[in-house]
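Below is one structure; the comments refer to it alone.
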Amino acid sequence: MSDTPVLDTLAAMTAVSVEASSLGARELMLVRIAALAAVDARPGSYLANVGAAMDAGVTLEDVQGVLVAIAPIVGTARVVAASSAIAAALGFAVAVLEAELEAELDELEDEALEADGG
């Protein structure tokens with residue numbers, strides 16, 4: 001049994017969805033962003049998709065275009081909530097990347113000090 005059964009299930013569901021869809025990766029991610037906004041998703045849901053969206057070539061302008069396109073359907077409140085959730089998810093993703101880079105730099109500095117005999 002896995003230590004992360006929920007994440008494993010979500011990953012499996014996503015893989016099946018991607019395989020069964022006739023959409024390209026970019027279009028699939030744009031549709032997912034629209035669906036997340038429509039269901040008033042929390043930042044974690046956007047965060048779970050941000051890597052795949054970036055890998056598929058989705059830009060911030062694309063996300064803004066999706067939110068503009070769905071605003072008449074889902075309403076102002078959902079679009080504002082989605083914008084806030086996306087910003088929170090991106091902020092978290094940036095913080096994680098910064099922490100990873102800082103840790104790598106620290107490791108490189110330690111290795112350089114060891115190589116210099118200090």
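No value in this document is a laboratory result; all are computed from the given coordinates. None of the values given here were measured: they were computed from a predicted structure. Glycine gets a Cβ as well: all are built from the backbone with ideal geometry, and neighbour counts include every protein chain shown.
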- Ratio Rg/Rh, restricted to the chain and using Cα atoms, in which Rh is the Kirkwood radius: 1.13
- Given labels modelled 7 Å from the Cα in the Cβ direction, how far is it in nm from Thr9 to Ser84? 2.9 nm
- Item | Extension gain from Asp116 to Glu19, taking 0.36 nm per residue of separation minus the Cα-Cα distance | 29.8 nm
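Find the percent of Cα-Cα distances in the range 44-83 that exceed 15 Å, and round it to a whole number.
So the portion of pairs separated by more than 15 Å is 45 percent.
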- Task: Using the Karplus curve 6.51 cos²θ - 1.76 cosθ + 1.60 with θ = phi - 60°, work out ³J(HN,Hα) for each residue of the range 13-26 in order, rounded to whole Hz, and write x for Gly and Pro.
- Result: 4, 5, 4, 5, 4, 5, 5, 7, 7, 8, 7, x, 4, 5
- Query: Under a point spin-label approximation (7 Å from Cα along Cα-to-Cβ), what is the Ala35-Glu61 distance to one decimal in nm?
  - Reply: 2.7 nm
- Message: Once you place label points 7 Å from the Cα toward the Cβ at Arg26 and Met1, how far apart are they in nm?
- Response: 4.4 nm
- Karplus 3J(HN,Hα) series, Hz, for the range 95-105 with 6.51 cos²θ - 1.76 cosθ + 1.60 (x for Gly, Pro): 4, 5, 4, 4, 5, 5, 5, 4, 5, 5, 5
